[in-house]
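Input: a single structure, listed below in structure tokens.
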Amino acid sequence: MAYRAEYIWTDGTEPTVEVRSKTKVLADGDEPDIWGFDGSSTNQAEGSASDVVLKPVYSCPDPLRGGNDILVMCETFTTETMEPHPTNTRARQRAVLDNYGDQGFWFGLEQEYTMLDPVTKWPYGFPPNGFPGPQGPYYCGVGALRIYGRDVVEQHTTWCIDAGLAISGTNAEVMPGQWEFQIGPVDPLTVGDQIWLARYLLYRAGEEHGIEISLDAKPVQGDWNGAGMHTNVSTNAMRENYEAVEIAAKSLGAPGKPAEHIAGYGHGIELRLTGEHETERYDTFSYGVSDRGASVRIPWQVHQDGRGYIEDRRPNANADPYVVTSLITQTIGEALS
């Protein structure tokens, strides 16, 4: 008997990295091994030396095909030296964890996205060439006048559960056709792997329903919420005392850190972080308890309990989770060392 392994990796598309995949048929009993692809077609190599190596790093059941088929998240490596490819951001997170992994980082990522009509590119639920009523009733709403695309969400959620991903919730967001799912809390590498696999499954659900999935940070200009990937993080120390929580929050605003993080938090961030629609400006840093208009929020319950986690509200929906978590791990890890 044979089974299929869907090799999945991140490419070199700029300014926003995309997910790619290809299928390998393996004999029963064989494990997924290194493979390769044409990097000249993914902005990862020149045509004169186009091969890029795929190395499996995480696998789970394939909920689309079922049976013994699997999804395989991969890192990319060069053929010449088998060093991590320049676009291999997961390798950077591995390097950061060599220094700070003993601090027990956990991450939970809130992935927002927008459903679009594949022809008009207009948000699903918006009238053709027009706008729906203002924001307000759509967030966590119920009913045909408020909610669009729930069938896609339900299918995606079921697939994530069947794949064994740590999906912890879903909800309709503030703009019509905009939704969110959450992955975590899990360790820094796993949360990145699972966000990319969940994105892959989301795109596949969109394919089946004829809906385009967008991670654009500001899919509709004007008085409409953008799409983020709010990032919740804790360490052993933060889960034990409030002092560590405050140190972590302040560290993200230390000299030079806000600009460094904003540069890695996704394309178009200045369009989303305007100081409106529950955001702080991209060029300003703030933190506060229960403040959704701050760069970093300390949840009210964390303040009450005297321990827990913080939420970095700045990352875009289109950010690379490996980049986001490595930046936060490095910054907080240094501060708590």
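I need every pair where a residue in segment 145-163 that is assigned by TED's automatic domain parsing to the domain that holds Glu173 and closer than 11 Å to Leu201 by Cα has its Cβ under 9 Å from the Cβ of a residue that is surrounded by fewer than 20 Cβ atoms within 10 Å (Cβ to Cβ) and charged (D, E, K, R), sequence separation at least 6 or different chains. Short answer, once both residue conditions are applied: Val152/Glu208; Gln155/Glu208; His156/Arg204; Trp159/Arg204. Looking across segment 206-220, the residues that are in a helix (DSSP H, G or I) and touching an Asp or Glu at 6+ places or on another chain (Cβ under 9 Å) come down to Gly206, His209.
If you check Pro32, Pro15, which single one turns out to be in contact (Cβ under 8 Å) with a residue 60 or more places away in the chain and assigned to a loop (DSSP other than H, G, I, E, B)?
Numbers: Pro32 fails: in contact (Cβ under 8 Å) with a residue 60 or more places away in the chain.
Only one candidate qualifies: Pro15.
Would you check which residues across segment 39-51 are surrounded by fewer than 19 Cβ atoms within 10 Å (Cβ to Cβ) and within 28 Å of His156 (Cβ to Cβ) and list them? Give the derivation first.
First pass over segment 39-51, keeping only residues surrounded by fewer than 19 Cβ atoms within 10 Å (Cβ to Cβ): 40-41, 43, 46-51.
Of everything in segment 39-51, those that are surrounded by fewer than 19 Cβ atoms within 10 Å (Cβ to Cβ) and within 28 Å of His156 (Cβ to Cβ) turn out to be Ser41, Asn43.
Applying the criterion of being touching a residue at least 24 places away in the same chain (Cβ under 8 Å) and among the hydroxyl-bearing types (Ser, Thr, Tyr) to the residues of segment 252-281, the residue that is surrounded by the fewest Cβ atoms within 10 Å (Cβ to Cβ) is Thr279. Looking only at residues in segment 101-159 that are among the basic types (Lys, Arg) and over 29 Å from Val323 (Cβ atoms), the one that is farthest from the chain's Cα centre (by Cα) is Arg146. Across segment 99-153, the qualifying residues are those that are touching an Asp or Glu at 6+ places or on another chain (Cβ under 8 Å), in a loop (DSSP other than H, G, I, E, B) and among the charged types (D, E, K, R), and the one among them that is nearest to Asn318 (Cα to Cα) is Lys121.
Against the condition closer than 22 Å to Arg204 by Cα and outside any strand (DSSP E or B), how does Leu54 come out, does it pass? If you could, list the steps in order and put the result at the bottom.
On the way: closer than 22 Å to Arg204 by Cα: yes; outside any strand (DSSP E or B): no.
For Leu54, the condition - closer than 22 Å to Arg204 by Cα and outside any strand (DSSP E or B) - is not met.
The conditions of being part of a strand (DSSP E or B), closer than 22 Å to Asn241 by Cβ and among the small types (Gly, Ala, Ser) are not met by Gly308.
Within segment 250-273, the set of residues being assigned to a helix (DSSP H, G or I) and either within 17 Å of the chain's Cα centre (by Cα) or not assigned by TED's automatic domain parsing to the domain that holds Asn225 (or both) comprises His261, Ile262, Ala263, Ile269, Arg272.
May I ask you to list the residues in segment 155-201 that are on the phi > 0 side of the Ramachandran plot, in a loop (DSSP other than H, G, I, E, B) and surrounded by fewer than 23 Cβ atoms within 10 Å (Cβ to Cβ)? If the condition is that a residue be on the phi > 0 side of the Ramachandran plot, in a loop (DSSP other than H, G, I, E, B) and surrounded by fewer than 23 Cβ atoms within 10 Å (Cβ to Cβ), then Gly164 is the only one that fits. On the stretch given as segment 311-336, residues that are of a type in the set (A, V, I, L, M) and closer than 16 Å to Glu278 by Cα total 1. Looking across segment 288-337 at every residue that is within 22 Å of the chain's Cα centre (by Cα) and hydroxyl-bearing (Ser, Thr, Tyr), the one that is surrounded by the most Cβ atoms within 10 Å (Cβ to Cβ) is identified as Thr325.
A quick yes/no check of all residues on (1) surrounded by fewer than 17 Cβ atoms within 10 Å (Cβ to Cβ); (2) out of contact with any helix residue (DSSP H, G or I) (no Cβ under 8 Å at 6 or more places or on another chain); (3) not small (Gly, Ala, Ser):
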{"position": "Asn88", "(1), (2), (3)": "no, yes, yes"}
{"position": "Val96", "(1), (2), (3)": "no, no, yes"}
{"position": "Asn99", "(1), (2), (3)": "yes, no, yes"}
{"position": "Gly104", "(1), (2), (3)": "yes, yes, no"}
{"position": "Leu109", "(1), (2), (3)": "no, no, yes"}
{"position": "Thr114", "(1), (2), (3)": "no, yes, yes"}
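Comparison of Gly266, Gly308 shows that the only residue that is more than 23 Å from Thr114 (Cα to Cα) and in contact with a helix residue (DSSP H, G or I) (Cβ under 9 Å, 6 or more places away or on another chain) is Gly308.
Residues in segment 217-251 that are more than 14 Å from Val296 (Cα to Cα) and in contact (Cβ under 8 Å) with a residue 40 or more places away in the chain: 19 in all. May I ask you to verify whether Leu54 is crowded, with 19+ Cβ neighbours inside 10 Å, in contact with a Leu (Cβ under 8 Å, 6 or more places away or on another chain) and not assigned by TED's automatic domain parsing to the domain that holds Asp162? Judged against the criteria, Leu54 is not a match. Can you say whether Thr87 is in contact with a strand residue (DSSP E or B) (Cβ under 8 Å, 6 or more places away or on another chain), assigned to a loop (DSSP other than H, G, I, E, B) and either at pLDDT 95 or above or not assigned by TED's automatic domain parsing to the domain that holds Pro315 (or both), as far as the supplied structure shows? Yes; evaluated as a whole, the condition is true for this residue.
The values are calculated or read from the model by the stated rules, or taken from the named source; none is laboratory data. Model, not experiment: these values are computed from the prediction. Quick reminder, even Gly has a Cβ in these numbers, built from the backbone with ideal geometry, and neighbours come from all protein chains shown.
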